[in-house]
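The values are calculated or read from the model by the stated rules, or taken from the named source; none is laboratory data. These numbers come from a predicted model, not from an experiment. Neighbour counts are summed over all protein chains in view; Cβ atoms, including those assigned to glycine, are modelled from backbone coordinates with ideal geometry.
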Amino acid sequence: MIKEFTNRLNNQEYISNYLYEYIKKENSSLIPSGFNIDVYNDLVLNKMYSDNRDYFDNMYKGIDDNIHLDEEQCKAILADEKYSLIIAGAGTGKTTTMVSKVKYLVDKKNADPEKILVMSYTRKATEEIANRIEENFGLPVYVTTFHSLGYDYIKEIFYNRKCVILDRNMLNEIQLNYFRKIFEDKNKIKEIIDNFDILKQQRKLKFVFSSYFMDNYMKYEKYDEFLDAYVNYKIEEAKKSENKFRQLINDWVDYQAKKDVGITSIKGEYVKSAGELFIANFLFSHGLDYSYEEVYDEIMENKSIYKPDFTINYGGEKIYIEYFGLDDKKYNRIRKWKEDFHEKKR
């Protein structure tokens, strides 16, 4: 690192803060008197920006003529830091900057695109970045979420074994089973309520336990007895104001769908869309024994776990239902893969 610092300083190249802090700690005598890393790097970036101006101006030419990288975006791309934090408002070009950084690393730094890893927190952002890198520049860069990358490592570690991520429904089932066990211990329930009351005040939540639960949980020994009473109470409430109650349900479904947090079915499970909700409620109300996103018996060729939307157990046989609710290039590829897979397994 000492040699790298000396070469960069002599050649007036960008010096990362990580490298500078290391030299300052290990061999500060190499740093010139009065040297200011921020002033130095600003001068370097100004020259680099001037030298690469034509490159950036033409990066999206013929791809999207509406995209024009400004000076701050270009300098964020040019900065050769170990860690970079880009702070900007919505719609100001953060994704464009990330995509352009990948292009720059390949074109100007001779980076192998297959060795570049791009990560994001959300699936939606990941898909947008992946589509733009692939469609705009045709680069085979691996783009993933943090969770998906972790899952890929798990699949490698547990080769040819089923590894299922704990989803919201499984988590709720675990919590519900725990609550069933402790429901008979009313002192424990009171302790939980008190703890949640503290949390409610700290986070300014509207509610944690419903007023019905608070008024009635002491009357029942078993949790399932309480649950049956609560269901009957809600049914009677619905009968008194059917239209209002239906509208309440529809508004709640719309609200959950827009927030993309999952929608609760009649069965009490979370599904991912209004279309899946319709299927789940239809199957349940017609007495069909089904499972939502049950893990398929076989492991896929890429060692991934396949979870069909609905698995119906009918006369000892399994029937699979997939709901296709989107229409874009990536989703159509997934749809074709699922259709071909089920065709082979017929």
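The rows are residues; the columns are (1) part of a helix (DSSP H, G or I); (2) modelled with pLDDT of 80 or more; (3) within 20 Å of LEU171 (Cα to Cα).
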position	(1), (2), (3)
LYS206	no, no, no
GLU221	no, yes, no
GLU236	yes, no, no
ASP254	yes, no, no
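ALA125 meets each of the listed conditions (1) under 21 Å from GLU13 (Cα atoms); (2) crowded, with 16+ Cβ neighbours inside 10 Å; (3) of a type outside the set (Phe, Trp, Tyr); (4) at pLDDT below 90 apart from (1). Given the residues ARG123, ARG132, which is the only one that is among the charged types (D, E, K, R), closer than 23 Å to ASP57 by Cβ and under 21 Å from the mean Cα position of the chain (by Cα)? Just one listed residue meets the conditions, ARG132.
The sole residue among ASP54, ASP80, ASP70, ASP64 that is within 21 Å of ILE133 (Cα to Cα), surrounded by fewer than 14 Cβ atoms within 10 Å (Cβ to Cβ) and touching a residue at least 60 places away in the same chain (Cβ under 8 Å) is ASP64. Give me the pairs: first residue in segment 265-281 and more than 15 Å from LYS307 (Cα to Cα) and modelled with pLDDT of 85 or more, second residue part of a loop (DSSP other than H, G, I, E, B) and aliphatic (A, V, I, L, M), beta-carbon distance under 6 Å, and six or more apart or on different chains, which are they? Short answer, once both residue conditions are applied: ASN281/ILE266. Applying a threshold of 8 Å to beta carbon distances and a minimum spacing of six or more residues, or different chains, the list of pairs starting in segment 14-37 at a residue that is touching a residue at least 12 places away in the same chain (Cβ under 8 Å) and ending at one that is surrounded by 14 or more Cβ atoms within 10 Å (Cβ to Cβ) and among the basic types (Lys, Arg) reads TYR14/ARG8; ILE15/ARG8; LEU19/ARG8. Of all residues in segment 1-24, those being touching a Phe, Trp or Tyr at 6+ places or on another chain (Cβ under 9 Å), part of a loop (DSSP other than H, G, I, E, B) and surrounded by fewer than 14 Cβ atoms within 10 Å (Cβ to Cβ) number 2.
Within segment 133-163, how many residues are touching a strand residue (DSSP E or B) at 6+ places or on another chain (Cβ under 8 Å), surrounded by fewer than 17 Cβ atoms within 10 Å (Cβ to Cβ) and assigned to a helix (DSSP H, G or I)?
3
Among the residues making up segment 2-51, those that are over 30 Å from ASP70 (Cα atoms) and either among the aliphatic types (A, V, I, L, M) or modelled with pLDDT of 95 or more (or both) are ILE2, ILE23, LEU30, ILE31.
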